[in-house]
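Participant: One structure follows; several queries about it will come next.
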Amino acid sequence: MNNVPMESNELPTEYRVEIPYGEHAGLNLLMFSHQEHRWLFEYRYVAGEDHKVDILNKYRLVIDYTDGIASGEVVLSMEIVFPERRGQEYFCGVDISRNSKVFIQFRYRKETGSDVPAYRLEEFEVGCGKVYKLENPEAGALINPVEFPFEVRDRITLESGLFRVPFKVDETRSDDFSFPNNIVKPLNRMC
């Protein structure tokens with residue numbers, strides 16, 4: 001298969017497998033070597049009425065695996081577009097309309113010393129480089145909640161053998177990106 005560059009500073013891809021994920025999303029399995037894999041979930045949320053799109057959100061969840069174990073970091077990103085606000089202002093042929101598009105990246109770090117494997121929201125980045133670090137992970141939740149139409153958990157725990165990260169399907173339904181902590185089947189050794 002051809003190497004598919006995903007982002008800068010990426011390893012060359014040995015294999016890429018694209019799998020439909022449930023009714024709503026897609027999963028790409030990228031294998032860089034026998035030891036290094038990446039799971040890339042994607043979903044495109046569209047909301048609107050009467051054939052008019054009010055909001056688009058391209059969800060992306062990235063999990064790296066080394067030797068079959070989920071890495072210490074999980075990244076959830078959302079590219080949110082408000083089509084009605086687009087086309088108001090251009091610079092060098094690029095649409096730079098104010099408040100028409102936002103990119104948010106949530107970085108989760110694997111907790112150490114816990115009985116149950118979990119990831120805690122460590123920081124999030126809005127736009128080009130504005131990083132907000134959550135200084136007190138013991139707080140349990142964000143101190144000042146803001147109105148945000150998409151669910152973002154401050155902690156992702158292992159439930160029934162899977163980590164579950166929610167994404168919005170429509171105004172009334174949601175689904176989960178689900179991934180295991182370990183993708184290697186244990187060997188049964190005979191004495």
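Participant: Can you name the strands (runs of 3 or more DSSP E) wholly within segment 7-95 that have at least 2 residues being closer than 28 Å to Thr157 by Cβ and modelled with pLDDT of 90 or more?
Facilitator: Hits in segment 7-95: 25-31, 36-49, 52-66, 69-81.
Participant: Then there is this: Going through segment 98-118 one residue at a time, which ones are surrounded by 16 or more Cβ atoms within 10 Å (Cβ to Cβ) and more than 18 Å from Asn182 (Cα to Cα)?
Facilitator: Ser100, Lys101, Ile104, Gln105, Phe106, Arg107
Participant: Let me ask something else about it. In this structure, is Tyr108 at pLDDT below 90 and assigned to a strand (DSSP E or B)?
Facilitator: Judged against the criteria, Tyr108 is not a match.
Participant: Something else now. I'm trying to understand the selection: among the residues of segment 95-136, which are over 18 Å from the mean Cα position of the chain (by Cα), under 23 Å from Ile55 (Cα atoms) and among the acidic types (Asp, Glu)?
Facilitator: Scanning segment 95-136 gives a single hit, Asp95.
Participant: So which residues in segment 56-80 are surrounded by fewer than 16 Cβ atoms within 10 Å (Cβ to Cβ), touching a residue at least 24 places away in the same chain (Cβ under 8 Å) and more than 16 Å from Tyr108 (Cα to Cα)?
Facilitator: The answer is Thr66, Asp67, Gly68, Glu79.
Participant: Name the one entry in Tyr59, Tyr65 that is within 24 Å of Pro149 (Cα to Cα) and of a type outside the set (Lys, Arg).
Facilitator: Tyr59
The values are calculated or read from the model by the stated rules, or taken from the named source; none is laboratory data. These numbers come from a predicted model, not from an experiment. Neighbour counts run over all protein chains shown; Cβ positions are idealised from the backbone, glycine included.
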